[in-house]
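Asker: Have a look at the structure that comes next, please.
Since every read-out is calculated from the coordinates, none of them should be taken as a lab result. All of these numbers come straight from a predicted model, not from anything done at the bench. Cβ: placed from backbone, ideal geometry, glycine included. Neighbour counts: every protein chain shown.
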Amino acid sequence: MPYVHDTLFRLQKSSPAQTEFYQAAEEVLDSIRPLLDKDTHYREQGIIERLVEPERQIMFRVVWHDDQGRIQVNKGYRVQFNSALGPYKGGLRFHHSVNAGIIKFLGFEQIFKNALTGLSIGGGKGGSDFNPKGRSDMEVMRFCQAFMTELHRHIGATIDVPAGDIGVGAREIGYMYGQYKRLTGSYEGVLTGKGLNWGGSLARKEATGYGAVYFAENMLQDRNDSLKNKICLVSGAGNVAIYTIEKLYDLGALPVTCSDSQGTIYHEQGIDLNLLKVLKEVRRSSLEAYLDTHPTAKYIPVSDYPTDGHAVWRFKAHAAFPSATQNELTVTDAKVLLEQGVSCICEGANMPSTADAVDLFLGAGICYGPGKAANAGGVATSQLEMAQNASMTQWTFEEVDNRLKAIMCGIFQRSSETAKEFDQPSNLVLGANIAGFRKVADAMIAQGLV
């Protein structure tokens with residue numbers, strides 16, 4: 001369709017050198033072609049031209065002192081992409097790989113992910129090229145305070161409510177929230193992922209991982225199957241991966257892998273969840289230390305990875321949960337997974353599979369849950385935290401978990417029903433993208449040229 005092609009061409013001219021952003025935009029725009037053909041008023045209203053341009057992009061300098069008294073300078077970002085459905089909502093990522101293109105790709109994905117939840121939240125994302133790994137608590141605190149000193153001008157409980165992401169956990173949220181409160185004098189739900197004794201929500205830490213597993217179970221149940229007794233591959237070793245593994249065990253599955261930036265663990269008897277939590281949540285150490293307790297497990301350092309993929313996907317299993325970072329699952333990995341008989345891929349990370357890998361999954365007709373649908377549990381529970389903050393209450397873990405389970409079921413149903421509407425019943429990429437796009441686009445049209 002020349003309309004979509006021309007929009008993508010203009011996007012590359014106006015936003016140069018933002019490869020991940022182009023990838024995310026192309027994936028969405030290609031899959032909504034059937035809707036654009038069917039309902040021409042979206043084209044007449046210039047919806048896709050408006051959607052691919054953020055409402056606001058904020059870039060700023062972050063200056064802070066390290067423990068040796070040296071001045072450090074990082075870049076900070078907040079992209080407020082779309083507010084048609086509610087205040088901007090999306091995490092902050094602190095990682096050396098962060099740049100404007102990464103933040104725009106994540107913010108663009110967030111628009112549709114948030115729309116799919118059925119909750120009143122718009123799409124945004126932010127972060128910095130600061131990497132907290134290896135930094136002392138005091139260094140992290142000084143950076144977070146400097147970061148929030150600028151960011152606080154642009155956020156608010158009914159304007160933009162950031163959360164955590166890679167490199168931003170409870171420690172970083174706490175430091176940023178304290179600085180926001182100091183600068184504004186306001187005790188409000190301006191950040192989610194807060195501590196439980198100062199406005200946080202039970203089950204928030206677990207939500208993305210749990211939600212991905214709930215989504216996978218919905219996909220499998222739709223085909224009269226389940227996760228029970230399934231061998232599962234999980235990548236990553238952060239919150240998403242840890243609580244994906246926890247919920248897989250709860251549902252009777254056997255997760256046998258996890259990974260970090262230095263290597264992959266394969267444990268045929270099943271990942272030792274308690275040990276993994278100690279290594280990553282308490283000691284913040286490499287996964288190689290897993291072998292000290294389980295010497296029969298296998299550790300594959302990054303230096304031994306295949307040149308065309310990742311070791312974590314090279315073991316026989318029934319299901320796979322990419323839960324680390326973007327483009328971690330290559331087309332070669334996808335071929336290996338399919339050859340091994342994997343029948344379910346459910347994405348806990350944002351855009352973790354390359355475009356060619358996704359094409360293979362869709363062509364094979366397996367259960368494939370794209371990230372914008374499958375990993376929406378985190379942002380959904382963030383909105384539940386906002387609701388609790390607004391009413392000055394705290395719900396039980398069971399209440400939040402039950403709401404999360406219902407939200408993930410609703411996301412699957414909306415995606416599945418939309419895919420069937422366009423005669424591609426197994427294509428949840430198309431279903432999720434069209435369902436999310438249509439909700440946002442209709443709101444944009446109703447609100448006029450804003």
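Asker: Right, Thr332: over 17 Å from the mean Cα position of the chain (by Cα) and either in a strand (DSSP E or B) or β-branched (Val, Ile, Thr) (or both) or not?
Answerer: So Thr332 passes the test.
Asker: Can you name the number of the only condition in (1) touching a Gly at 6+ places or on another chain (Cβ under 6 Å); (2) assigned to a loop (DSSP other than H, G, I, E, B); (3) closer than 22 Å to Ala237 by Cβ that Ile173 fails?
Answerer: Result: Ile173 passes all but (2).
Asker: Would you tally the residues in segment 201-224 being more than 25 Å from Gly167 (Cα to Cα), in contact (Cβ under 8 Å) with a residue 60 or more places away in the chain and assigned to a loop (DSSP other than H, G, I, E, B)?
Answerer: So the answer is 2.
Asker: With respect to the numbered conditions (1) more than 20 Å from Lys133 (Cβ to Cβ); (2) aromatic (Phe, Trp, Tyr); (3) out of contact with any Ser or Thr (no Cβ under 6 Å at 6 or more places or on another chain), which one is the sole condition not fulfilled by Tyr299?
Answerer: Evaluating Tyr299 over (1) more than 20 Å from Lys133 (Cβ to Cβ); (2) aromatic (Phe, Trp, Tyr); (3) out of contact with any Ser or Thr (no Cβ under 6 Å at 6 or more places or on another chain) leaves (1) as the failure.
Asker: Please state which one of Ala355, Ala349 is aliphatic (A, V, I, L, M) and crowded, with 18+ Cβ neighbours inside 10 Å. So that I can check it myself, show each step before the final result.
Answerer: Values: Ala355 fails: crowded, with 18+ Cβ neighbours inside 10 Å.
Of the residues listed, the single one that is aliphatic (A, V, I, L, M) and crowded, with 18+ Cβ neighbours inside 10 Å is Ala349.
Asker: Which one of Glu385, Glu347, Glu339 is acidic (Asp, Glu), touching a residue at least 24 places away in the same chain (Cβ under 8 Å) and within 20 Å of Gly309 (Cα to Cα)?
Answerer: Glu347
Asker: Still on this structure, I have one more. Which one is farthest from Val240 (Cα to Cα) among residues in segment 127-155 that are buried (at least 17 other Cβ atoms within 10 Å of the Cβ) and small (Gly, Ala, Ser)?
Answerer: Step by step, filter segment 127-155, then rank; the result is Ala146.
Asker: Please specify each residue of segment 226-241 satisfying the condition of being touching a strand residue (DSSP E or B) at 6+ places or on another chain (Cβ under 8 Å) and surrounded by 16 or more Cβ atoms within 10 Å (Cβ to Cβ).
Answerer: Filtering segment 226-241 for residues touching a strand residue (DSSP E or B) at 6+ places or on another chain (Cβ under 8 Å) gives 227, 229-237, 241.
Of everything in segment 226-241, those that are touching a strand residue (DSSP E or B) at 6+ places or on another chain (Cβ under 8 Å) and surrounded by 16 or more Cβ atoms within 10 Å (Cβ to Cβ) turn out to be Leu227, Lys230, Ile231, Cys232, Leu233, Val234, Ser235, Gly236, Ala237, Ala241.
Asker: Return only the number of the condition from (1) touching a Gly at 6+ places or on another chain (Cβ under 6 Å); (2) surrounded by fewer than 24 Cβ atoms within 10 Å (Cβ to Cβ); (3) not aliphatic (A, V, I, L, M) that Trp395 does not satisfy.
Answerer: (1)
Asker: Looking at the structure I just gave you, is Gly270 more than 23 Å from Val379 (Cα to Cα) and in contact with a Pro (Cβ under 6 Å, 6 or more places away or on another chain)?
Answerer: Answer is no for this residue.
Asker: Looking at Gly348, Gly309, Gly341, which is the one that is over 24 Å from the mean Cα position of the chain (by Cα), part of a loop (DSSP other than H, G, I, E, B) and of a type outside the set (Ser, Thr, Tyr)? Let's see the steps before the verdict.
Answerer: Details: Gly348 fails: over 24 Å from the mean Cα position of the chain (by Cα); Gly309 fails: over 24 Å from the mean Cα position of the chain (by Cα).
Every option except Gly341 fails the conditions.
Asker: In segment 168-177, is there at least one residue being within 16 Å of Glu281 (Cα to Cα), under 17 Å from the mean Cα position of the chain (by Cα) and buried (at least 24 other Cβ atoms within 10 Å of the Cβ)?
Answerer: There is at least one residue in segment 168-177 that is within 16 Å of Glu281 (Cα to Cα), under 17 Å from the mean Cα position of the chain (by Cα) and buried (at least 24 other Cβ atoms within 10 Å of the Cβ).
Asker: Which of the strands (runs of 3 or more DSSP E) found entirely inside segment 6-113 contain at least 3 residues meeting this: crowded, with 20+ Cβ neighbours inside 10 Å? Lay out the reasoning, then the answer.
Answerer: Values: elements: 56-65, 71-82, 88-94.
Where strands (runs of 3 or more DSSP E) fall fully within segment 6-113 and carry at least 3 residues being crowded, with 20+ Cβ neighbours inside 10 Å, they are 71-82, 88-94.
Asker: Name every residue in segment 393-447 that is of a type in the set (Asp, Glu) and part of a loop (DSSP other than H, G, I, E, B), in order of residue number.
Answerer: Asp423
Asker: Whether any residue in segment 61-70 is under 18 Å from the mean Cα position of the chain (by Cα) and hydrophobic (A, V, I, L, M, F, W, C) is what I want to check.
Answerer: No, the conditions are met nowhere in segment 61-70.
Asker: While we're here: List the number of the failed condition for Ala374; all other conditions in (1) crowded, with 18+ Cβ neighbours inside 10 Å; (2) more than 23 Å from Glu206 (Cβ to Cβ) hold.
Answerer: (2)
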